[in-house]
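Novice: If you scroll down you'll find the structure; I have some questions about it.
The values are calculated or read from the model by the stated rules, or taken from the named source; none is laboratory data. Predicted, not measured: the structure shown is a model, and the values here were computed from it. Every residue, glycine as well, gets a Cβ built from its backbone with ideal geometry; the counts of neighbours run over all protein chains shown.
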Amino acid sequence: MKQDAWRQIQAGVALINQSRLASWDPQTLRFSAANEQTFEAGHVHVDPKYGRLICWLVFAVGVEYLCRGVCAFKGLPVHDEKPKNVIRTPKPGEDLETWTELVNQGMYGAPDVQDLTATTKNFMQVVEQVGQIKELGVDIQRTKASLRFLASTIRNRDAHQYVQNVRGSSFLAVPELLVPSLNRLLEVVDPCTLSECAAGTKPE
């Protein structure tokens, strides 16, 4: 469980850093929020039309991974209680017409094309778990509110549809709310192991 927690944290750090909205300092083990002008000039190199959207999507997914990893590290459940059936990948050489027919039988397909797998709680459920981390102390409400804002207003919108000209107004939340909350969340993690994890080395 701890190994998976570290993998989630490591992936989260990498994605947040890649988003251009914040940068990771491996010396201080903290994020720094991007300058708005620098971000606006740089996201076009990701994509000239949709770079801003892509960067925000990457940032939100990274934050979710990071939250999930910290919660798991603190022993808080990040998976649903019961595993669920999902549609399995076609096997090598399998007849795709038969596979298609089986998949389209009922809501979740026929038993022959199902796999039982553990499913994770959604982002907002994980944020509620963050609210149970006692080490956050007096910062628990601000941290939780910041993450709830990201999950409900930004991530939920961007994951389901493209809405034009709305992300610029959210930028102020990065230096004022989101990056401080991420840094506070990371403070509850052992710094030595966090340093190894963020650097990509395998923690013990």
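Novice: Would you point out which residue out of Asp190, Asp158, Asp115, Asp139 is among the acidic types (Asp, Glu) and under 30 Å from Ala41 (Cβ atoms)?
Specialist: Asp158
Novice: Can you go through Gly51, Gly42, Gly69, Gly12 and tell me which one is touching a Cys at 6+ places or on another chain (Cβ under 9 Å), among the small types (Gly, Ala, Ser) and surrounded by fewer than 23 Cβ atoms within 10 Å (Cβ to Cβ)?
Specialist: The unique qualifying residue is Gly42.
Novice: Here's another thing I want to ask about it. Residues Arg157, Arg142: which one is among the basic types (Lys, Arg), in the same structural domain as Gln37 (by TED's automatic domain parsing) and closer than 20 Å to Val58 by Cα?
Specialist: Among Arg157, Arg142, only Arg157 is among the basic types (Lys, Arg), in the same structural domain as Gln37 (by TED's automatic domain parsing) and closer than 20 Å to Val58 by Cα.
Novice: Between Val189, Val127, which is within 19 Å of Tyr65 (Cα to Cα), assigned to a loop (DSSP other than H, G, I, E, B) and in contact with a helix residue (DSSP H, G or I) (Cβ under 7 Å, 6 or more places away or on another chain)?
Specialist: So the residue among Val189, Val127 that is within 19 Å of Tyr65 (Cα to Cα), assigned to a loop (DSSP other than H, G, I, E, B) and in contact with a helix residue (DSSP H, G or I) (Cβ under 7 Å, 6 or more places away or on another chain) is Val189.
Novice: For region 129-143, name all the residues that are farther than 19 Å from Ala173 by Cβ and in contact (Cβ under 8 Å) with a residue 12 or more places away in the chain.
Specialist: Gln129, Gln132, Ile133, Glu135
Novice: Exactly one condition in (1) over 26 Å from Thr28 (Cα atoms); (2) in contact with a Leu (Cβ under 9 Å, 6 or more places away or on another chain); (3) not in a helix (DSSP H, G or I) is not met by Arg155; state its number.
Specialist: Result: Arg155 fails condition (3) only.
Novice: Out of (1) at positive phi; (2) outside the structural domain of Leu57 (by TED's automatic domain parsing), what's the single condition that is false for Leu96?
Specialist: Here Leu96 clears every test but (1).
Novice: For region 144-172, which positions are in contact with a Lys or Arg (Cβ under 7 Å, 6 or more places away or on another chain) and either surrounded by 11 or more Cβ atoms within 10 Å (Cβ to Cβ) or in contact (Cβ under 8 Å) with a residue 40 or more places away in the chain (or both)?
Specialist: Arg167
Novice: Could we say that Cys197 is out of contact with any helix residue (DSSP H, G or I) (no Cβ under 7 Å at 6 or more places or on another chain) and part of a helix (DSSP H, G or I) here?
Specialist: no
Novice: Among the residues of region 169-183, are any at positive phi and not in a loop (DSSP other than H, G, I, E, B)?
Specialist: no
Novice: Also, I was wondering about something else. Met107 passes all but one of (1) aliphatic (A, V, I, L, M); (2) at pLDDT below 95; (3) surrounded by 11 or more Cβ atoms within 10 Å (Cβ to Cβ); which number fails?
Specialist: Unmet for Met107, out of (1) aliphatic (A, V, I, L, M); (2) at pLDDT below 95; (3) surrounded by 11 or more Cβ atoms within 10 Å (Cβ to Cβ): (3).
Novice: In addition: What's the number of the only condition in (1) closer than 27 Å to Pro26 by Cα; (2) of a type outside the set (D, E, K, R); (3) at pLDDT 90 or above that Pro203 fails to meet?
Specialist: (3)
Novice: State the number of residues belonging to region 154-200 that are at pLDDT below 90 and β-branched (Val, Ile, Thr).
Specialist: Of the residues in that region, 3 qualify.
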